[in-house]
Amino acid sequence: MPDHCATVTVALNGEVNENRSYDIAIASHSLKSLGEKLVEIGLGKKSKKVLIVSNPVIYKHYGEIVQTSLNKAGFDVAHLILPAGERFKTANSLQKIYDAALDHRLERSSAIIALGGGVIGDMSGYAAATWLRGIDLVQVPTTLLAMVDSAIGGKTGINHPQGKNLIGAFYQPRLVWVDPEVLKTLPAREFRSAMAEVIKYGVIWDRELFDLLANCDRLDQLRYVSSELLQTILYRCAKAKADVVSKDEKEGNLRAILNYGHTVGHAIESVTHYRLFNHGEAIALGMVIAGAIAVDLGLWSAEEQAQQNVIIAKAHLPQTLPADIDLDAIVAAMSSDKKVEVGQVRFILPTAIGSVALSDRVTSDIVKQNLRKILA
């Protein structure tokens, strides 16, 4: 097993339960130890069959390492390669996973290994949740965004043509296996995108993380982030999400704060057909808007809003929208968001750095007014 492994436990229902809780393990050069770890946590006792789901670029870099590790541990491994990108997070791609599961004869004691970013993780998770009414899932995130957010907490799903993540399930993995070394092949734009979620954790939960980010000169490329800071980011984000999920697994109340910036962000993604902005870029825009609304409502100060936006700028994330974007379409898309309750869009708004609250006081007019402010 890898040395210097930092571990965060997601203790569901507030207590450690070996059947529900799981570890987020963070260790460099750990991909080659995955098979050994799966045996250690009890996978493969009955069925040795596993299906790796990945995308072409990730599988080219890391597929052989993972498959060799699993083979050495005695697993019978098949793999499926799906196209990369949010626009492929569809029922058609999900069907391909089901077809591969059938071809490989996955059983209830088999497992799906999600090797990739958030799109692969979300689709693989939903397939695992629904194949034979639920088989084991292992998340092996290869993007910073997945490492700090989407691979943790059990949200799985696919997009509907009318909205993001409208089809899905809460389904927890057996393990999240994080190897920071894989980030060396991550494109710069994807690294910047992930920083939006990192900044989010600083705003909603972790003032110390926020201050660490504020003290950095640049956050837009891996080479400007020391290995020590990267390890701290991975650990603190994982700890923040684990703390929230442990208290509220299925988003009854507290877990909704993890959607800071996502209400408007998801609408922007949907309206632009997932082609103009990637996920993190859209969430950055959503945080700019949510912060501005919080200032309008007197929930936090213009100074705190400026501090947030300075960090967003350090990550070279967008803070303006194209002048010709359809603002009415963005507002309309918000109405089909998963966070709508009794017909009212619930916003997560900051009240201080490190603290947020849910609000149903945000009208469409307030949203449009602030969207107009950031038109290029």
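The values are calculated or read from the model by the stated rules, or taken from the named source; none is laboratory data. Everything numeric here is computed off the predicted structure, so don't read it as measured data. Because the Cβ atoms are built from the backbone with ideal geometry, glycine has one as well, and the counts that use them run over all protein chains shown.
At-a-glance table
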{"quantity": "Any hit, the range 82-94, residues being surrounded by 17 or more Cβ atoms within 10 Å (Cβ to Cβ), closer than 17 Å to THR156 by Cβ, without any contact (Cβ under 8 Å) to a residue 60 or more places away in the chain and touching a Leu at 6+ places or on another chain (Cβ under 8 Å)", "calculated": "yes"}
{"quantity": "Answer from ALA11, ALA25, ALA100 - the residue that is in contact (Cβ under 8 Å) with a residue 12 or more places away in the chain and surrounded by fewer than 20 Cβ atoms within 10 Å (Cβ to Cβ)", "calculated": "ALA11"}
{"quantity": "Index of the failed condition, SER226 passing every other in (1) out of contact with any Pro (no Cβ under 6 Å at 6 or more places or on another chain); (2) closer than 22 Å to SER355 by Cα; (3) in the same structural domain as VAL264 (by TED's automatic domain parsing)", "calculated": "(2)"}
{"quantity": "Options SER359, SER301; residue that is surrounded by fewer than 19 Cβ atoms within 10 Å (Cβ to Cβ), out of contact with any strand residue (DSSP E or B) (no Cβ under 6 Å at 6 or more places or on another chain) and of a type in the set (S, T, N, Q)", "calculated": "SER301"}
{"quantity": "Qualifying position, being surrounded by 17 or more Cβ atoms within 10 Å (Cβ to Cβ), at pLDDT 95 or above and among the hydrophobic types (A, V, I, L, M, F, W, C), among ALA282, ALA333, ALA256", "calculated": "ALA282"}
{"quantity": "Members of the range 356-376 that are among the hydrophobic types (A, V, I, L, M, F, W, C) and under 22 Å from ILE204 (Cα atoms)", "calculated": "VAL356, ALA357, LEU358, VAL362, ILE366, VAL367, LEU371"}
{"quantity": "Count - residues of the range 125-142 that are over 14 Å from GLY153 (Cα atoms) and not charged (D, E, K, R)", "calculated": "8"}
{"quantity": "Residue in the range 222-253 that is nearest to GLY154 (Cα to Cα), counting only those that are surrounded by fewer than 16 Cβ atoms within 10 Å (Cβ to Cβ) and of a type in the set (S, T, N, Q)", "calculated": "ASN253"}
{"quantity": "Residues of the range 147-182 classified as closer than 13 Å to ILE26 by Cβ and surrounded by 21 or more Cβ atoms within 10 Å (Cβ to Cβ), total", "calculated": "10"}
{"quantity": "Only one of LYS45, LYS49 that is surrounded by fewer than 16 Cβ atoms within 10 Å (Cβ to Cβ) and either more than 25 Å from the chain's Cα centre (by Cα) or among the hydroxyl-bearing types (Ser, Thr, Tyr) (or both)", "calculated": "LYS45"}
{"quantity": "Any hit, the range 81-90, residues being part of a strand (DSSP E or B) and more than 19 Å from TYR22 (Cβ to Cβ)", "calculated": "yes"}
{"quantity": "Hits in the range 90-142 - residues which are touching a strand residue (DSSP E or B) at 6+ places or on another chain (Cβ under 7 Å) and basic (Lys, Arg)", "calculated": "LYS96, ARG105"}
